[in-house]
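The values are calculated or read from the model by the stated rules, or taken from the named source; none is laboratory data. None of these values were measured; they are calculated from a predicted model. Methodologically, a virtual Cβ is constructed for each residue, glycine included, from the backbone with ideal geometry; neighbour enumeration extends over all protein chains shown. When the accessible area is computed, the model is the full protein with side chains, heavy atoms only, and any ligands, DNA or RNA have been set aside. Shrake-Rupley method; radii C 1.70, N 1.55, O 1.52, S 1.80 Å.
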Amino acid sequence: MAKTRPKPLRSALIAVIFASLLTGCMSSAKSKYFGRTSPPAENVLRYVSGSEPETLDPQLPDGQPEARIFMALYEGLVEYGPKDQQPIPSIAKSWEISSKVDEFIFHLRDNAKWSDGKPITAQDFVYSLRRGFAPETISRTAGLGYAIKYSSEFNGEKVFVKKNGRFLTAADIDGTPAKDVPAFGPDTEFNRTLRGPDRITLEGDEKKRSKELESDAKLKAAVEGGEFVPVKAEDIGVEAIDDRTLRISLRQSAPYFLGLLAHQFFRLVPRQAIEAHGKEWTRPANIVTCGAFRIKEYRPYDKLVVERDPNYWDAANVHLDRIEFYPVEELSTIMNLYKAGSVDAFLNHTVPTSWIDEVRQYKDEYLNFPEAATAYYSMNMTKAPFSDSKVRRAFMLGLDRQALSDFRKITKPLFGKVPSGIYPEYDKAVEKVGEELRKERGVTPETWAKRNDFDAEAARKLLTDAGFPVVKSDSGYSCPNFPTDRISITFNTNENNRSVAEFIQSQWKQNLGITVPLKTMEFKTYLPYFKSLQYEGFAQFLWSGDYMDPYTFLSLQYGKDNEGGAGFYDAKYDKMLNDANAELDPDKRYEMLARAEFYLMDQLPFVPLTINATNWLKKPYVKGMYPNPGTLIPWKFVYIERDQAKWDKDVENIFKTPDPQMEKQLSDLTATQKAAAK
Amino acid sequence: MLSFIIRRLLIIIPMALLVVTLTWGLIRIAPGNFYSGEKKLPAAVEANIRKKYGLDQPWYTQYGMMMSNIVRGDFGDSLKYQGQSVNEIIKRHLPYSATIGILAYLLALAIGLTAGTIAALKQNSAFDYSSMSLAMLGLSLPNFVLGPLLVLIFAFGLYWFPPARWGGVSSIVLPVITLSAIYAAYIARLTRAGMLEVMRSDYIRTARAKGLDEMTVLLRHALRGGIIPVVSFTGPALAALLAGTVVVEKVFALPGLGDIFIKSVLNRDEPLILGIVAFLSILIMLFNLAVDIAYGFLDPRIRYE
């Protein structure tokens, strides 16, 4: 066959292009590492941190990209542990917890300093927390700290009632005598007030208050003639006993509270800078920080460079000279930067699906571990047919979640409310309680093990029982009665969300004979649509845990106005959670929580889908950096290893591979608390 | 001419305010708000936010407050990027978009005018066909394909340029080429069409009859008329380029205004949306005015009263 001969110039050009493409592909196929891999000349980490930080004020934003930057700039009482995210000492060198887990005393180290050299005292923590809860601060994360006594009342501008020279308490309403609680730590006047019976609080707004009183005659009578005193910053349960001792008092026992304290909301903010510069305190010229790093250069949307702070109390153990945070969001661009060797690591959830097959070959770099993050489809229980638990269960059983996970490539199937593999102790409790329940219900171990697994047959039977007979025809199943014209799978517009929805749609069509239409909308439009239960059928819901305790997942369905978005409310479930949190023995508490989870799974307000995976890359010479469940990295442990023999290998075992430097640093840090605990 | 310019300048302000008002109305109709996120806010926190930003006031009060600030040139602070004023954000990011945009347009002009003119002069030649096919390709190849393709070849194949991010001359080469492709193609086609028409007109025949050499005919007479379509295209094109180009900014991770504009809408960041919309509308009106003035110089038949 005759071929046209390419002209010399054109063929040369084609040759250059192909050669370059080929070298690009070949180098990646042959090399052990993904793209250019050589440690930077200086001790610098170049990290893609995702979206541009909203602000450098740690008490305002709720996003993870900001959280990681705040972990470099600010410290709190405790820090997330590098491997397991459990609290380790930070500015507090040790702490004591009351037997009821409702009071905490922190002992601060005496060499902690701000970046301007000023010493850090307990008063700084008191200031920071009071500021965080102040209504005018408008912190979106303030709710995380509501366990602190009177903080939600201060944040919500409520009032106490003063009558005959004293504040009214719950005892004045129901007549129960106040119990005498012994002091935990030094007995101060302020602490006595907090220990005393809970004061009554009412709405600060007059209209709302009269409405509140109208609905409760007993309360109204008790309040009559009283004076309304606004809840002030000084009333919340935070007290500087002395310069180095801080006491936090909670409204009730909260065993998860210590783990929460590493969250950005609880990190220190500088009174000196805030009072001097107002809302402009976060500008590089004005900012004062207290973390291992301080700001060197900030070019919004381009880069934020932080450098080791010589004033930091543990500066000798900070290995990096600088971290450069790059706010890049486009996934392919992030991959390109990494491949070109322009960045050393990047944030989680970032390898695009189309790159995964190639990237997972780089076993020394690709980090794919379970995250404390889950995906569900909420079902609107307030509208038929999803008010029927049989229908809800049928849709869960009719979906092969293992197949869904395989299709997504990086996720693991989710069979309960709490992701498994994140909280090992809780997983054990679930197993134990499960076995008890199995015996109670007289089910064989095989049936029990598969109770939430994919079972199309059982799903079809449930639907038929619920009044929607599934009939078999030549082309598969059909369910002619089911009102598919009203329901849909609703999700916010996003390529991944769509592919998941299409996969699930086809599964339900195949297994149940029901084609659920898809409905997609822009994120900010979706949120109110979902939260106010306007959807019918299914709505996608993603949830990342706020702290390292299963309660962060279980509390989603807690209370009347909960976040679950399914219209679920069950007083029994709430009580189970309350009782569990009042339990002081951690193992027993986990068992009680597990029982609550089983109860919730019987009600099934949602179809559990998948457990997210960390899904990010780091160069093998970056050490001391771990894919913990929230990808929250305490930066002072991170270092650049120049000896290639010591580079990370086979990161699948990264948690088991010993790193003497990191381990010594960690054990030195935790030693103060261990000594105090003894 | 002067009164024409003054009249046009005076109308820009009320037009911009009208655009702002319409945009404000549209934002209010759109569901969702700037403070909502995946996690539900406690009622108290939501109430505090609404109070701080005056969202608890009736709409006419809010509109009045917004307008009185805008008339004074103050768009307020961004709701998302707290502590940063809208004016400051625009001022900070405009230079990035403008650098890329102007360079891309200059490159597009250089390529487009040359190719278009030669193609017109040598109509139906091999050059004409190949350059116009290339132009067709340039028009139909979207930025999000061309950009990554250039990255693949020049950043990963040849290692000539970095794949993304701002920093140094070498970092803007690929974005400028990517951005200019579509404009170069468009300008080439406009120039060719314009030149073809002009070269056949009577005044060119007159110029040739006067015995002028072909180069003078081309540069002094033909080009002036031939590029009028390009000039009318330049106004809106430059305004759009200055305001940033989302795709190129995303692909190359550049801190330009385009990406910020899109995100401000997704974030329901009202002051920032209004600020950028006002800025953009003024920019477009100014460029259109400049185009109209340029007509007068290029074509003696166009006169403004």
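Take the cross-link list A:509/B:39; A:524/A:572; A:623/B:250; A:163/A:208; A:383/A:409; A:519/B:40 and give me the ones stretching past 26 Å between alpha-carbons.
On the way: A:509/B:39 32 Å; A:524/A:572 33 Å; A:623/B:250 30 Å; A:163/A:208 21 Å; A:383/A:409 34 Å; A:519/B:40 22 Å.
Pairs exceeding the cut-off: A:509/B:39; A:524/A:572; A:623/B:250; A:383/A:409.
Quick one: Kirkwood hydrodynamic radius for segment B:172-305, alpha-carbon pairs, angstrom, one decimal? Before the final figure, lay out the partial values.
On the way: mean 1/r = 0.0574 Å⁻¹.
Mean inverse Cα-Cα distance, inverted, gives 17.4 Å.
Residue-wise, which Karplus ³J(HN,Hα) couplings in Hz belong to segment A:635-647, taking 6.51 cos²θ - 1.76 cosθ + 1.60, θ = phi - 60°, and x for glycine or proline?
5, 6, 8, 7, 8, 9, 9, 8, 7, 4, 5, 9, 5
With charges only on Cβ, +1 for K and R and -1 for D and E, what is the dipole size of segment A:370-613 about its Cα centre, in debye, rounded to 20? Before the final figure, lay out the partial values.
Numbers: 31 positive and 34 negative charges, 136 e Å.
Here segment A:370-613 has a charge dipole of around 660 debye.
For segment A:370-613, build the convex hull from the C-alpha positions and give me its volume per residue in Å³. Display every interim value, and only then the final one.
Values: hull volume 31.2 nm³, N = 244.
Dividing the Cα hull volume of segment A:370-613 by its residue count gives 128 Å³.
Can you tell me the alpha carbon radius of gyration of segment B:133-172 divided by the globular rule-of-thumb value 2.2 N^0.38 Å? Please report the intermediate quantities before stating the final value.
Values: Rg = 11.8 Å, N = 40, 2.2 N^0.38 = 8.9 Å.
Normalised Cα radius of gyration, segment B:133-172: 1.31.
I need the phi-derived Karplus couplings for segment B:180-189: 6.51 cos²θ - 1.76 cosθ + 1.60, θ = phi - 60°, integer Hz, Gly and Pro marked x.
6, 3, 5, 6, 4, 4, 5, 5, 4, 5
Based only on Cα atoms, what mean projected area does the convex hull of segment A:275-325 have, in nm²?
Details: hull surface 16.0 nm².
Average of the hull's projected areas for segment A:275-325 equals 4.0 nm².
Using a 1.4 Å probe on protein heavy atoms only, how many Å² of accessible area do A and B hide from each other, summed over both chains and rounded to 100?
On the way: alone 30890 and 16930 Å², together 43150 Å².
Looking at A and B, the buried total is near 4700 Å².
Explain nothing, just the number: relative contact order of chain B, from Cα pairs under 8 Å at least 6 residues apart, as a whole percent.
Values: 352 pairs, mean separation 85.7, N = 305.
The value is 28 percent.
Where Lys and Arg each count +1 and Asp and Glu each count -1, what net charge lies around residue A:298 among other residues with Cβ under 14 Å from its Cβ? Please report the intermediate quantities before stating the final value.
On the way: positive: A:283, A:294, A:296, A:299, A:303, A:322, B:92; negative: A:52, A:54, A:57, A:66, A:280, A:297, A:302, A:307, A:324, B:88.
Within the 14 Å Cβ shell, the charges total -3.
Using the alpha carbons of segment A:184-291, what is the convex hull volume per residue in cubic angstrom, as a whole number?
On the way: hull volume 20.6 nm³, N = 108.
With only Cα atoms used, segment A:184-291 gives 190 Å³ per residue.
Kirkwood Rh over alpha-carbon pairs of segment A:374-515, then Stokes-Einstein at 20 °C and 1.002 mPa s: what D in µm² s⁻¹, rounded to an integer? Numbers along the way, then the final one.
Values: Rh = 16.7 Å.
So the translational diffusion coefficient is about 128 µm²/s.
Let me test this: with uniform point scatterers at the alpha carbons of chain B, what is the Debye-based log₁₀ I(q)/I(0) at q = 0.09, 0.12 1/Å?
-0.61, -0.94
Considering only DSSP states other than H, G, I, E and B, which GluC sites (Glu not before Pro) in segment A:167-270 qualify as loop sites with at most 12 other Cβ atoms within 10 Å?
Passing both the DSSP loop test and the Cβ count: A:224.
Please work out the Cα center distance from segment A:174-246 to segment A:45-83, rounded to the nearest Å.
The distance from the Cα centre of segment A:174-246 to that of segment A:45-83 comes to 34 Å.
Specify which residue in the list A:662, B:286, B:196 is farthest towards the positive end of the charge dipole of the protein assembly as shown, using unit charges on the beta carbon of Lys, Arg (+1) and Asp, Glu (-1), about the Cα centre.
B:196
With unit charges on the beta carbons (Lys and Arg positive, Asp and Glu negative) and the dipole taken about the Cα centre of segment A:370-613, which residue among A:600, A:526, A:445 sits farthest to the positive side?
Highest projection toward the positive end goes to A:526.
Averaged over its residues, how many other protein chain Cβ atoms are within 10 Å of peptide B:153-164's Cβ atoms?
Numbers: counts 6, 1, 6, 12, 11, 6, 5, 1, 1, 4, 11, 11.
Mean shielding by partner chains, rounded to a whole number: 6.
Can you give me the Cα centroid spacing of segment A:85-163 and segment A:518-554 in angstrom?
Using only Cα atoms to place each centre, the spacing works out to 30 Å.
Note down the magnitude of the dipole of segment B:1-152 about its Cα centre, charges +1 on Lys and Arg C-beta and -1 on Asp and Glu C-beta and zero elsewhere, to the nearest 20 debye. Write down the numbers at each step before the final one.
Numbers: 13 positive and 7 negative charges, 65 e Å.
Around 320 debye, computed over segment B:1-152.
Using helices alone, what [θ] at 222 nm do you get for the protein assembly as shown, with -39,500 (n - 2.57) per DSSP H run of 4 or more residues, divided over all residues and rounded to the nearest 500?
Values: 36 runs with 447 residues, N = 983.
Computed ellipticity for the protein assembly as shown at 222 nm equals -14000 deg cm²/dmol.
Looking at the calculated P(r) for segment A:506-564, what percent of the C-alpha pair distances fall above 17 Å?
Values: 960 of 1711 pairs.
Looking at segment A:506-564, the distances longer than 17 Å represent 56 percent of pairs.
Kirkwood Rh over alpha-carbon pairs of segment A:499-621, then Stokes-Einstein at 37 °C and 0.692 mPa s: what D in µm² s⁻¹, rounded to an integer? Could the numbers behind the result be given before it?
On the way: Rh = 17.0 Å.
Answer from the Stokes-Einstein relation: 193 µm²/s.
Along the positive direction of the dipole of chain A (beta-carbon charges: Lys, Arg +1; Asp, Glu -1; about the Cα centre), which of A:41, A:77, A:379 reaches farthest?
Working it through, the farthest residue towards the positive pole turns out to be A:41.
What number results when the radius of gyration of segment B:11-104, computed over Cα atoms, is divided by 2.2 N^0.38 Å? Don't skip to the answer; put the middle values down first.
On the way: Rg = 16.2 Å, N = 94, 2.2 N^0.38 = 12.4 Å.
The value comes to 1.31.
Hey, if you drop one equal point scatterer on each alpha-carbon of the protein assembly as shown and run the Debye formula without solvent, what base-10 log of I(q)/I(0) do you get at q = 0.06, 0.07, 0.08 Å⁻¹?
Debye curve over Cα of the protein assembly as shown, log10 I(q)/I(0) at q = 0.06, 0.07, 0.08 Å⁻¹: -0.54, -0.73, -0.93.
Please report how far the C-alpha centroid of segment B:1-71 lies from that of segment B:74-106, rounded to the nearest whole angstrom.
A separation of 18 Å, based on Cα centres.
Taking only C-alpha pairs under 8 Å that are 6+ residues apart, what is the relative contact order of chain A in percent? Walk me through the numbers before you get to the answer.
Details: 1234 pairs, mean separation 136.7, N = 678.
Once divided by the residue count of chain A, the mean separation gives 20 percent.
Which number do you get for Rg(Cα) / (2.2 N^0.38 Å) in segment A:233-288? Before the final figure, lay out the partial values.
Details: Rg = 14.6 Å, N = 56, 2.2 N^0.38 = 10.2 Å.
That works out to 1.44 for segment A:233-288.
Please give, to one decimal in nm, the separation of the simple spin-label points placed at residue B:18 and residue A:208, each 7 Å out from Cα toward the Cβ.
Label-label distance for residue B:18 and residue A:208, simple model: 4.3 nm.
Place the peptides A:327-338, B:247-258, A:166-177, A:243-254 in order of packing, highest mean first, counting for every residue the other Cβ atoms within 10 Å and averaging per peptide. It would help to have the intermediate numbers written out before the result.
Working: A:327-338: 22.2, B:247-258: 25.2, A:166-177: 13.5, A:243-254: 20.1.
So the order, starting with the most tightly packed, is B:247-258, A:327-338, A:243-254, A:166-177.
Too long at a 24 Å Cα-Cα cut-off: which of A:339/A:649; A:83/A:618; A:83/A:450? Each step should come with its number before you reach the end.
On the way: A:339/A:649 18 Å; A:83/A:618 15 Å; A:83/A:450 32 Å.
With Cα atoms farther than 24 Å apart: A:83/A:450.
Please report, in debye to the nearest 20, how large the charge dipole of the protein assembly as shown is about its Cα centre when each Lys and Arg carries +1 at its beta carbon and each Asp and Glu carries -1 there.
Working: 119 positive and 113 negative charges, 601 e Å.
Here the protein assembly as shown has a charge dipole of around 2880 debye.
I'm checking a number: the convex hull volume of the Cα atoms of segment B:27-164, normalised per residue, in Å³. What is it? All intermediate terms of the calculation are to be shown ahead of the outcome.
Details: hull volume 32.1 nm³, N = 138.
Taking only Cα atoms, segment B:27-164 has a hull volume of 233 Å³ per residue.
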